[in-house]
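The next block holds one structure in the form of structure tokens; read it before the comments.
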Amino acid sequence: MAPESSPEKEGVQDLDAPALEGMFTKELSTAFAALGCFNLAIFGATGAGKSTLVNAVFGQDVADTGVGEPVTRGVDYHRRDDGFLGIFDSEGFETGSAGDQILEGLRNVVEARRRSPIDQQIHAAWYVVRWSDRRFEDAQAAFVRRLAELGLPVIVVLTQVPSKDGQAHPHAVELSDFITGLGLPIRARGAPVLTNALADDFTQAPAFGLDRLLDATYEVVPEAAQAALTAAQQLDMERKKKAVKAVINQAVTVASGIGAVPIPFTDAALLVPNQVTMIARISAAYGLPPQRSRAMAVAGSLILTGGATMAGRYVVTNLLKFIPGGAIAGSAISATVAASLTRAVGIAWAKVCEYALTLPEGQQQAFWSSGAVLEKFRSALSAG
């Protein structure tokens, strides 16, 4: 006589952990590659604060952490090692013969890349001016016009602008008004964006205007490059969450289709490939470093595999509260149950990713490589 089964032995059948890890690795690679790359060209005089501005918006110095190559005289291209962000950076000579050489070389680059895939094109240009210089010369205006003639959407950025109670320094506003009055072909409603990338404890000047700069950049970036910009930027978590919500909703729709013909709990592994794809796409949308995909794949496989780890049976047992009525009629996974389970897994993984982003750079690798991921996921799942 066969032994009586117990709730502990029923549920999702055990999955092959190595195979699941391989599935995660493949899907993570696909998800990261699908984002493409957002390419920003940034110009301005030496000392204007270009690197500080990039660091403030994107979280790290691309020149220090990425792979660089000269693309034309006076302009280098640095691609961050996560692949989401590329920077075309000038040497700081934007006027005179040096500026003319940069523009001529840049014209060739722009024209060549227009025939290339979207992730190799230049999507936006920031022209950076230090407000304390308190001048904007004819040569600078001419440089901006020629950038626009190349077909680049140009945003003029005033940097290191002090502010108080959300109001920029009057002299910075005066300079901004002067530039606006020139009628330059610049984006962001034809006016410069006033910013201060770093808070100054000595002068009590807060960071200022970065959200406006990011908004202005989104306005000019083609839709095909916005996913990469969302992954790369570190200012606006709500934009990342919106992208993740869309990923989860798509996975829920797929799960509902799988459960359209109710399946036994023992066949719940049929939901796993869809959940693997969902988790991979969530990880990419948050801009988590792809070089940690191996650790993320291991963590994901621990969460979704069976046996003594974060078993599917744990998910089934502990997610009944997400199902309307709190019970599963007929001990089967229906479209409603499949959708509820998948949504809960997606939301819990999103919380894990958000937590990882709060950690200092040096601690993220340790987090993904430890059992802390499992505990954080379990906690997020239980909290709903």
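Laboratory data are not the source of any read-out in this text; all were calculated from the coordinates shown. None of these values were measured; they are calculated from a predicted model. FYI the Cβ positions are ideal-geometry reconstructions off the backbone, even for glycines, and counts take in every protein chain you see.
Place +1 on the Cβ of every Lys and Arg and -1 on the Cβ of every Asp and Glu in the stretch 94-163, take the dipole about the Cα centre, and give the residue among 141, 106, 158 whose Cα lies farthest towards its positive end.
Positive-most Cα among the choices belongs to 158.
Could you rank the peptides 275-285, 180-190 by their average count of other C-beta atoms within 10 Å per residue, with the highest value first? Could you put the intermediate results ahead of the total?
On the way: 275-285: 26.0, 180-190: 15.5.
Highest mean packing first, the order is 275-285, 180-190.
Roughly how many debye, to the nearest 20, is the charge dipole of the stretch 120-275 about its Cα centre, given +1 on each Lys and Arg Cβ, -1 on each Asp and Glu Cβ, and no other charges? Walk me through the intermediate numbers first.
Values: 14 positive and 16 negative charges, 40 e Å.
Taking the Cα centre of the stretch 120-275 as origin, the dipole is about 200 debye.
With labels modelled as points extended 7 Å from the Cα through the Cβ direction, what inter-label distance (nm, one decimal) is found for residue 149 paired with residue 98?
2.2
What's the magnitude of the charge dipole for the stretch 36-232 around its Cα centre, counting Lys and Arg as +1 and Asp and Glu as -1 at the beta-carbon? Answer in Debye, nearest 20. Before the final figure, lay out each step's value.
Working: 17 positive and 26 negative charges, 86 e Å.
It works out to roughly 420 debye.
Multiply the residue gap between residue 177 and residue 294 by 0.36 nm, knock off their C-alpha separation, and tell me the result in nm, one decimal place. Before the final figure, lay out the partial values.
Values: separation 117, 0.36 × 117 = 42.12 nm, distance 5.11 nm.
Going from the current span to full extension adds 37.0 nm.
Among the listed pairs 50/245; 26/240; 50/241; 26/50, give every one whose C-alpha distance is greater than 30 Å. Mind dumping the intermediate values first?
Numbers: 50/245 33 Å; 26/240 22 Å; 50/241 28 Å; 26/50 36 Å.
Violating the 30 Å Cα-Cα cut-off are 50/245; 26/50.
Using a Förster distance of 35 Å, how high is the FRET efficiency between residue 207 and residue 355, based on the Cβ-Cβ distance and rounded to 0.05?
Numbers: r = 23 Å, r/R0 = 0.67.
So, using R0 = 35 Å, E works out to roughly 0.90.
Could you give the length gained on full extension between residue 224 and residue 46, defined as 0.36 nm per residue of separation minus the Cα-Cα distance, in nm? Each step should come with its number before you reach the end.
On the way: separation 178, 0.36 × 178 = 64.08 nm, distance 3.19 nm.
Extra length from residue 224 to residue 46 when fully extended: 60.9 nm.
Mind giving me the nanometre distance, one decimal, between the label points for residue 249 and residue 198, set 7 Å out from Cα along Cα→Cβ?
It is 4.1 nm.
Can you compute the modelled spin-label distance between residue 237 and residue 164, with each label point 7 Å from Cα toward Cβ, in nm?
Computed distance between label sites residue 237 and residue 164 equals 3.2 nm.
What is the pair-distance distribution P(r) of the stretch 131-235, computed from all Cα-Cα distances in 5 Å bins starting at 0, with each bin given as a whole percent?
Spelled out bin by bin, the stretch 131-235 gives 2, 12, 20, 21, 19, 14, 9, 2, 0 percent.
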